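Below is one structure, written out as structure tokens; the observations come after it.
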Ligand code: SF4
Ligand SMILES: [Zn+2]
């Protein structure tokens, strides 16, 4: 705090301190380390666009190295991890996932999510990585794994590609802007490192999926529309798929704190529609059926219509969210024809004010702090 004699405290320590109390650790470690966090099947598209069933396996791992050091401002994955997970535990979780899906029966794709970087040896034991890469490849399953950009090192990616050629590596780029990555997201890598990762993945014949975040903390609604549209334009030529994740509030994160203090509102669904309309002509996304020919844009508003997810007024949320989901499959801009609601005027007004007043954090209605503090906010 400025002007006091006390030592400065980093924001993430304030947020993470309660998470490291004995009660919190006890809660986290009450999970069975031999059982995965979640296993489920969903309809999906293979890289060539054909319809398939995908199994998603979310494992309880040691979690993301970056989170233990510092951590992204919006990431609540640590709620699913425990720091004493062994290779035996992970093998047991993998066996359990196979048991629950009857050995991935009817699936052509498996998404293996480890709440961090799949091929980071400090997070996941290499022998277990090898088991997953080899087994999925030998069984003809397309594999999707996640990674941080700076951990896509040449030697390791070569090692991955030898064991599972052609798999998809999804990188949580979040923003194509170094200042936003550093100050809004606290991401731990920059755009230069992302470019390098893309080159290495491509050289080794792996597919690139990029996650972008819509409305990081400390950014107004109006700015988010402009910025995310620009990021999509920049990232599309280098990605096989872009998945835009509108902010949803995950427990015990920095975003959760500012949301509870009514200083952050998850995005309007109208903003997502506007962003899609902005980029549609420039990027010309391919539909799910033609996915092999260009970049596919997926916008998936998690918890749409809920207070912790993207939402409008409550009356139109379902229709607007459904149109966004349909667009992610069809890439047809006409999905939004005829969709309207009385709340659109309120949203428009907010965007206009965000773009014309010098209020960096935005004028959004849910920022119910005093106008003095709004104007003083950095
Ligand atoms: S790098 Fe990924 S897993 Fe790690 S803290 Fe950030 S969002 Fe979470
Ligand atoms: Zn509405």
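The values are calculated or read from the model by the stated rules, or taken from the named source; none is laboratory data. Fair warning: this is a prediction, and the values are worked out from it, not measured in the lab. Cβ: placed from backbone, ideal geometry, glycine included. Neighbour counts: every protein chain shown.
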Assuming residue 299 fulfils every condition listed in (1) more than 30 Å from residue 206 (Cα to Cα); (2) surrounded by 15 or more Cβ atoms within 10 Å (Cβ to Cβ); (3) modelled with pLDDT of 95 or more apart from one, which condition is it?
-> (1)
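Can you tell me which of 117, 136, 131 is touching a helix residue (DSSP H, G or I) at 6+ places or on another chain (Cβ under 8 Å), away from ligand 1 (no atom under 16 Å from the Cβ) and not assigned by TED's automatic domain parsing to the domain that holds residue 298?
Every option except 131 fails the conditions.
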Determine if the range 10-31 includes at least one residue that is away from ligand 1 (no atom under 16 Å from the Cβ) and modelled with pLDDT of 80 or more.
-> yes
Hey, any hits in the range 70-93 for a residue that's over 18 Å from the mean Cα position of the chain (by Cα), within 16 Å of ligand 1 (Cβ to nearest atom) and surrounded by 15 or more Cβ atoms within 10 Å (Cβ to Cβ)?
-> yes
Scanning for something buried (at least 16 other Cβ atoms within 10 Å of the Cβ), without any contact (Cβ under 8 Å) to a residue 60 or more places away in the chain, under 23 Å from the mean Cα position of the chain (by Cα) and outside any helix (DSSP H, G or I), does the range 317-330 turn up at least one residue?
-> no
Filter the range 94-108 down to the residues that are in contact (Cβ under 8 Å) with a residue 12 or more places away in the chain and in contact with a helix residue (DSSP H, G or I) (Cβ under 9 Å, 6 or more places away or on another chain), then identify the one that is surrounded by the fewest Cβ atoms within 10 Å (Cβ to Cβ).
-> 94
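Considering only residues that are more than 8 Å from ligand 1 (Cβ to nearest atom) and either in a loop (DSSP other than H, G, I, E, B) or over 19 Å from the mean Cα position of the chain (by Cα) (or both), which ones fall in the range 51-69? I'd like the intermediate steps shown before the answer.
Of the residues in the range 51-69, the ones more than 8 Å from ligand 1 (Cβ to nearest atom) are 51-62, 68-69.
Within the range 51-69, 51, 52, 53, 59, 60, 61, 62, 69 qualify.
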For residue 205, the lone unmet condition from (1) at positive phi; (2) away from ligand 1 (no atom under 16 Å from the Cβ); (3) crowded, with 23+ Cβ neighbours inside 10 Å is (3)
Is it true that residue 350 is within 15 Å of ligand 2 (Cβ to nearest atom) and either at pLDDT 95 or above or touching a helix residue (DSSP H, G or I) at 6+ places or on another chain (Cβ under 9 Å) (or both)?
-> yes
